[in-house]
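Below is one structure, written out as structure tokens; the observations come after it.
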Amino acid sequence: MSSPSAKKQKTDDENMSNTPEKPRTIALFDVDGTLTIPRGEVTPDMMEFMKELSKKITVGIVGGSDLPKQQEQLGDGIVDTFPYNFSQNGLVAYKDGKILE
């Protein structure tokens, strides 16, 4: 049986693992023509690179398409994978999976 403090420690460790080494440095990547071929799907190698980079700096996704198209290209739950997502040329913004209003 684990103690509440052990549970808290695990939660803190999990949260820390999601924080990049340099959280104040941000890189935003365009979808079409950068992360994918135009209108194509992201390759496993590119997604792995992005996830590894997100351990070092804050990573965000920017695209001209709406979120459903970005999800087709980058995978369902992309707004939860990286802390910032901007769709429709920045008209719709997400932070930590939640739409900003």
Query raised in the report: Leaving out ligands, DNA and RNA but keeping every protein chain, what accessible area does THR43 have, in Å² rounded to the nearest 10, with a 1.4 Å probe?
Result: 70 Å²
Report summary line: 1/(1 + (r/R0)^6) with r = Cβ-Cβ of GLU101 and ILE37, R0 = 22 Å, i.e. FRET efficiency to nearest 0.05, evaluates to 0.10
Requested in this report: Check each of the trypsin sites (Lys or Arg not before Pro) in region 24-53 and keep only those in coil by DSSP with at most 12 other C-beta atoms within 10 angstrom; list them in order.
Outcome: ARG39
Requested in this report: Rounded to the nearest 0.05, what FRET efficiency do GLU52 and LEU91 give with R0 = 22 Å and r taken as the Cβ-Cβ distance? Could you check?
Outcome: 0.15
Query - Carbon plus sulfur fraction of accessible area for region 12-101, probe 1.4 Å, in percent - result: 52 percent
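The values are calculated or read from the model by the stated rules, or taken from the named source; none is laboratory data. Everything quoted here is computed from the prediction, not taken from an experiment. No Cβ is skipped: glycine too gets one built from the backbone with ideal geometry, and neighbour counts run over all protein chains shown. Surface areas here come from the heavy atoms of the whole protein model, side chains and all, with no ligands, DNA or RNA. Shrake-Rupley method; radii C 1.70, N 1.55, O 1.52, S 1.80 Å.
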